[in-house]
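Bear in mind these aren't lab numbers, they're just calculated from the coordinates by the rules spelled out. For clarity, every value in this text was computed on a predicted model and none was experimentally measured. Here the Cβ positions follow ideal geometry from the backbone for every residue, glycine too, while neighbour counts run over all protein chains shown.
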Amino acid sequence: MLVLSRKKNESIIINNEITIVVVEIRGDKVRLGVEAPREVPVHRREVFDAIQRNNSEEQVAERNHETERSEES
């Protein structure tokens with residue numbers, strides 16, 4: 001993990017196409033802005049984890065459905 005120190009309005013660049021900007025620092029909270037191409041998904045970690053869980057549940061349900069259909073044949 002790369003650890004950086006940044007001040008308000010300073011930024012970092014990732015892979016020449018994603019920019020992370022420190023927008024505001026208030027107490028123990030830091031607001032970040034993310035500029036990325038539209039095709040690059042950007043999520044908060046808790047949202048990403050929920051999407052992953054949902055995708056896993058859908059895959060299990062799909063496999064169960066396929067198994068049920070093959071058993072009926």
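Among the listed values [x] 1.24; [y] 1.31; [z] 1.27, the one matching Rg/Rh (Cα atoms, Kirkwood Rh) as calculated from this structure is [z]. For A36 and N64, the FRET efficiency from 1/(1 + (r/R0)^6), where r spans their Cβ atoms and R0 equals 30 Å, is about 0.25. By its C-alpha gyration tensor, with a ≥ b ≥ c as the square roots of the eigenvalues, how is region 30-69 shaped: rounded for a/c under 1.5, else prolate for a/b larger than b/c, else oblate? Oblate shape, in that a/c is at least 1.5 and b/c is the bigger or equal ratio. If you average the C-alpha positions of region 42-71 and of region 6-37 separately, how far apart do those two centres end up, in angstrom? Going from one Cα centre to the other spans 32 Å.
Helical runs (DSSP H, four residues minimum) scored at -39500 (n - 2.57) apiece and divided by the length of the chain put the mean residue ellipticity at 222 nm at -14000 deg cm²/dmol.
Which is the longest run of the chain containing none of the GluC sites (Glu not before Pro) found in DSSP loop states (not H, G, I, E, B) with at most 16 other C-beta atoms within 10 Å?
Numbers: sites that count: E10, E17, E39.
With a cap of 16 other Cβ atoms within 10 Å, the longest stretch comes to 40-73.
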